[in-house]
Amino acid sequence: MFGRLRRDGRQGEPVSFDAGAGLVSARVRDENGRPLAGAEMALRHRRTQRVTHATADDFGLVVSTAASGMYAVSISAGGYRESEHNVEVVSGDHTALGELMLQPDTGLRLPAPGEWVLDQDHTSIRFVARHIGLSRVHGRFTSFRGTINVGHRIEDSSVEVVIDAASIETAAPQRDEHLRSADFLDVEHYPRLHFFSNRIQHAAGDRWFLDGTLNLRGASRGVRLDAGYLGLRTWNGDRLGARATTELHREDFTINWQQTLAKGLVVVGSTVEIQLDIQAIRA
């Protein structure tokens with residue numbers, strides 16, 4: 001079966017999909033009319049309750065095929081109010097929701113100015129690296145400290161985190177010792193990792209970019225954190241929550257150890273994904 005779709009959501013070149021299925025699309029924008037990349041569309045079948053998810057591309061276009069039937073469709077993005085719709089998906093047809101402009105969630109309060117301290121018991125600093133091109137090795141740092149100094153404007157804030165390099169842990173003691181050695185972190189000569197940022201800008205909704213400098217193994221490099229602000233809670237003090245991700249390349253920090261298998265396959269991948277889950281308490 002065929003439908004037709006262009007990036008603007010109007011009819012265009014044919015797109016094929018299976019018999020018994022239809023196509024649902026939307027173009028998602030923020031309150032200023034800019035594309036909302038990463039917005040999520042969820043389609044819940046009214047009879048079976050099966051849910052299908054799709055994510056908007058960099059142009060805000062989100063597209064999904066679904067079995068014919070009646071659906072409850074929700075469009076959501078962090079920091080925005082959800083947009084809900086009822087649609088009928090028809091076999092071989094394209095249901096276009098058109099341009100959808102999401103409105104900010106005004107209930108998401110920003111933190112008050114002042115110093116906020118990372119709660120180590122409820123904060124995690126994790127990393128993921130490829131091993132021989134097959135699996136992903138997950139690890140974390142268990143000892144660190146950090147502060148968030150919130151300005152009267154969030155853009156005037158700063159973040160500083162210091163990590164004890166020797167606290168690296170991957171649930172494999174022999175591998176952990178190798179990671180602490182001169183081949184990798186060289187914790188004897190470089191006992192700490194240090195990150196500092198005072199360049200914070202709003203992206204959209206609950207997303208913020210933090211541009212800073214990471215000092216690792218004696219090398220300082222610029223790093224951008226893609227952060228999602230989760231809001232405020234009161235529990236044993238005032239707390240804020242956030243998530244953040246970035247990618248590092250080992251060679252940028254002179255971590256060049258490598259072992260090669262047959263056909264040039266490397267043991268450890270060059271790119272390391274960093275994942276942060278943050279809870280901070282107002283000092």
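The values are calculated or read from the model by the stated rules, or taken from the named source; none is laboratory data. Values in this document were obtained by computation on a predicted structure and should not be read as measured data. Neighbour counts run over all protein chains shown; Cβ positions are idealised from the backbone, glycine included.
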Could you list all residues from region 6-37 that are charged (D, E, K, R) and either modelled with pLDDT of 85 or more or touching a Pro at 6+ places or on another chain (Cβ under 7 Å) (or both)? Arg27, Arg29, Asp30, Glu31, Arg34
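Quick one: is Val89 in contact (Cβ under 8 Å) with a residue 60 or more places away in the chain and crowded, with 16+ Cβ neighbours inside 10 Å? Don't jump to the end; show me each part of the working.
Numbers: in contact (Cβ under 8 Å) with a residue 60 or more places away in the chain: yes; crowded, with 16+ Cβ neighbours inside 10 Å: yes.
For Val89, the condition - in contact (Cβ under 8 Å) with a residue 60 or more places away in the chain and crowded, with 16+ Cβ neighbours inside 10 Å - is met.
Return yes or no: is Leu108 outside any strand (DSSP E or B) and either crowded, with 16+ Cβ neighbours inside 10 Å or in contact with an Asp or Glu (Cβ under 8 Å, 6 or more places away or on another chain) (or both)?
Yes, satisfied.
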Flagged pairs (Cβ under 7 angstrom, 6 or more apart or on separate chains; first in region 57-78, modelled with pLDDT under 90; second small (Gly, Ala, Ser) and surrounded by 20 or more Cβ atoms within 10 Å (Cβ to Cβ)) are Gly78/Gly205
Given the conditions (1) out of contact with any helix residue (DSSP H, G or I) (no Cβ under 8 Å at 6 or more places or on another chain); (2) modelled with pLDDT of 95 or more; (3) surrounded by fewer than 17 Cβ atoms within 10 Å (Cβ to Cβ); (4) under 24 Å from Leu210 (Cα atoms), which single one is not true for His189? (4)
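Just for region 163-191: of the residues that are assigned to a strand (DSSP E or B) and of a type in the set (Asp, Glu), which one is nearest to Thr147 (Cα to Cα)?
Here is the first cut: in region 163-191, the ones assigned to a strand (DSSP E or B) are 163-164, 168-169.
Restricting the remaining residues to those that are of a type in the set (Asp, Glu) gives 164, 169.
Numbers: Asp164: 15, Glu169: 23 Å.
Restricting to residues being assigned to a strand (DSSP E or B) and of a type in the set (Asp, Glu), the top hit is Asp164.
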